[in-house]
Structures are given as structure tokens and as C-alpha cells.
Amino acid sequence: MTTSEPLIVLEHVNKYFGPLHVLQDVSLSVDRGEVVVVIGPSGSGKSTLCRAINRLEPINSGTITFDGRELPAEGKALARLRSEVGMVFQSFNLFAHKTILQNVMLGPVKVRKENSAAVRERAMKLLDRVGIASQAEKYPAQLSGGQQQRVAIARALAMQPKALLFDEPTSALDPEMVGEVLDVMTSLAKEGMTMVVVTHEMGFARHAADRVVFMADGQLVEQSTPADFFENPKSDRAKDFLSKILTH
Ligand SMILES: Nc1ncnc2c1ncn2[C@@H]1O[C@H](COP(=O)(O)OP(=O)(O)O)[C@@H](O)[C@H]1O
Ligand SMILES: [Mg+2]
């Protein structure tokens, strides 16, 4: 296996919810170290795309490979895939009755059965890196939304994932907290983390993305560099979408 092989490859993926065709012949590949930002109107299938990549949603046809292997359907192989593909959601999903440090340590200790002293050290480094080390002994409710989302990123990183998926990570935050979360994501991007990011933050898309993918109605309508996409969108649907979001 060479490192030039893409990390994530979707080929002709179709997904239905009953009669609703939510992913329509979607093909996309994400290189190692690449940051792909997925944008598009609500209901276009962005979350389903993310969830399909770590098999939170099974697909109806097509193939998805991660790191050279087709996604496993179940068992240990699926558990391993999930630990290799970190996911950060709009809602932070921290365990309320566990401390910040315990939240970050949980996956490596319980799922991976790693040595807890070693995990603690790694967790504290990660909390430091997202700027929350001093809050390690607090509980999630004692932190702001922006801080909780940074903990959720540290928790995903604690599993030492090969890729991170973000599904609207800043959409539930008060506006003044969006920047601190995007800063952490930008630094991860610069350090070479492979990232798929669903976001409405066009500043992040412009400055941190290697590629922008525009989805509408379950289809991957166009993909290009951020500069190209924002200056020169090709499809009418992308033009329409951009005119709506960039005018206010
Ligand atoms: N579990 C589900 N059951 C049925 N329909 C769903 C389910 N999840 C999403 N959908 C539908 O699939 C379409 C795509 O949803 P989603 O991937 O969440 O879009 P987006 O993230 O772009 O807003 C929408 O029409 C949504 O209502
Ligand atoms: Mg969504």
C-alpha cells in the first residue's frame, strides 16, 4: 500500500430512506491530509454522507473504502473502523456525569483497553492543545458550548484517528464561541489531519479547505478549490445557494 492512495473513497454510492433517494450515485475520494468541506442546502444529504463514511448509516449500493478496505458491516472490524474515523457532531454528546478528562479517556481505556496512565497523559496533552487543560476535573455542564465542543474534538483525537468527520460542529454554538472551535479545526487541518467538514462557515471553507464539495438533493453537484467555487461556481444550484448565503 502506498501513501498516495486516497484515504476515503466513495464510488457510486446510493442510499434510500424508504422512497427518498438521499445519496444519488455519489462518488468522492479524499486524499490523506486533505481537508474537504461539504456545503449545501439543508436536507441535501450532507449528514447522511458523513454517517455513511463511518457506517453509522448502511448504504444500498456502491462502495465505500477506508484506508484501502471496504467498510466492514459489523463486529470487531467495524469497531476498529469507528475508532479510526473520529466524528464530531453539532451536539457535543459528552457524558454529563463524567469529568472532562474522563470523557476524553473513555474511548481509549474502555474500547481500546489501553493503559490508563498512558491515556491520561495523552488526554491531558490533547486538552492542553484545545485550551481546556485547566478544566479537566470539571463536568461538561460547567463549560461553555465552545469549550464543550473543543473537548469533543480532544475526545475524538484521543482515539488517534486516521480521519475526522465534522458535521456542523459550530451550528449549535453562540456566535462568540464559533471562532475558538474553528481555530482548533484550522490548526488540525494545517497539521495534516484528513478532514471532512460539513459547515456553513464560509470563512473556514475559504481558508482551511483544500477542496469544496457542493451537494444538493442528494447529488454531489460540483467540487473545486475554494477560490474557484466561491469566485466561479459553475452550476445554477451552487450560484443560487451562494447568492443566498453570501448576501447576509
Ligand atoms: N433516519 C432518517 N429517516 C428518514 N429520512 C431521513 C433520515 N435521516 C435523514 N433523512 C432525510 O434524508 C434527507 C437528507 O438528510 P441529511 O443527510 O440530514 O441532510 P443535510 O445534513 O444535508 O441537512 C432529508 O430529506 C432528511 O429528511
Ligand atoms: Mg445535516
message: If the reach is capped at under 19 angstrom between alpha carbons, list the lysines near LYS98, excluding any in the same chain fewer than eight residues apart.
response: LYS110, LYS113, LYS125, LYS138
task: Could you list the square roots of 5 times each eigenvalue of the Cα gyration tensor of region 16-59, that is, the equivalent ellipsoid semi-axes, sorted largest first and rounded to whole Å?
output: 20, 13, 9
- request: Report P(r) for region 206-248: all Cα-Cα distances, bin width 10 Å, range 0 to the bin holding the largest distance, values in whole percent.
  value: 30, 59, 12
- prompt: Excluding same-chain residues fewer than 8 positions from LYS190, which lysines have a Cα within less than 16 Å of its Cα?
  reply: LYS162
query: Taking other Cβ within 10 Å of each residue's Cβ, how do HIS200, HIS97, HIS21 sort, fewest first?
result: HIS97, HIS200, HIS21
message: Apply the Karplus curve 6.51 cos²θ - 1.76 cosθ + 1.60, θ = phi - 60°, to the phi angles in region 105-115 and return the couplings in whole Hz, x for Gly and Pro.
response: 7, 4, x, x, 6, 7, 7, 8, 6, 7, 4
field: the chain - Rg and Dmax from Cα coordinates, angstrom
entry: 18.0, 55
- request: Return the tail of the calculated pair distribution for region 1-143, meaning the percent of Cα-Cα pairs more than 21 Å apart.
  value: 55 percent
field: Among LYS234, LYS98, LYS113, residue whose mean-square fluctuation peaks in a GNM of the chain (springs only between Cα atoms under 10 Å)
entry: LYS113
Three semi-axes of the equivalent ellipsoid, region 147-248, Cα gyration tensor, whole Å, largest first: 25, 16, 12
query: Which value does Rg/Rh take for region 104-201 over its C-alpha atoms, Rh per Kirkwood?
result: 0.96
- request: Using every pair of alpha-carbon atoms in region 31-111, split the distances into 5 Å bins beginning at 0 and state the percent of pairs per bin, rounded to integers.
  value: 3, 11, 19, 22, 19, 16, 8, 3, 0
field: Translational diffusion of region 159-203, µm² s⁻¹ [Kirkwood Rh, Cα pairs; Stokes-Einstein; 10 °C; 1.306 mPa s]
entry: 142 µm²/s
- prompt: What ranking of SER144, SER42, SER61 emerges when the number of other C-beta atoms within 10 Å of each C-beta is taken as an exposure proxy, fewest first?
  reply: SER42, SER61, SER144
- line: Diffing region 195-212: the Karplus 3J(HN,Hα) column from phi (6.51, -1.76, 1.60, θ = phi - 60°), in whole Hz with x for Gly and Pro, holds 9, 10, 10, 8, 7, 9, 7, 5, x, 4, 4, 5, 9, 10, 7, 7, 8, 10
- prompt: What FRET efficiency comes out for the pair HIS21/ALA73, r = Cβ-Cβ distance, R0 = 22 Å, nearest 0.05?
  reply: 0.50
task: Kindly work out what percent of the DSSP beta bridges joining two residues of the chain are antiparallel, to the nearest 5.
output: 55 percent
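No lab work stands behind these numbers, since they all come straight from the coordinates. Here the structure is a predicted model, which is why all the values come from computation and not from measurement. No Cβ is skipped: glycine too gets one built from the backbone with ideal geometry, and neighbour counts run over all protein chains shown.
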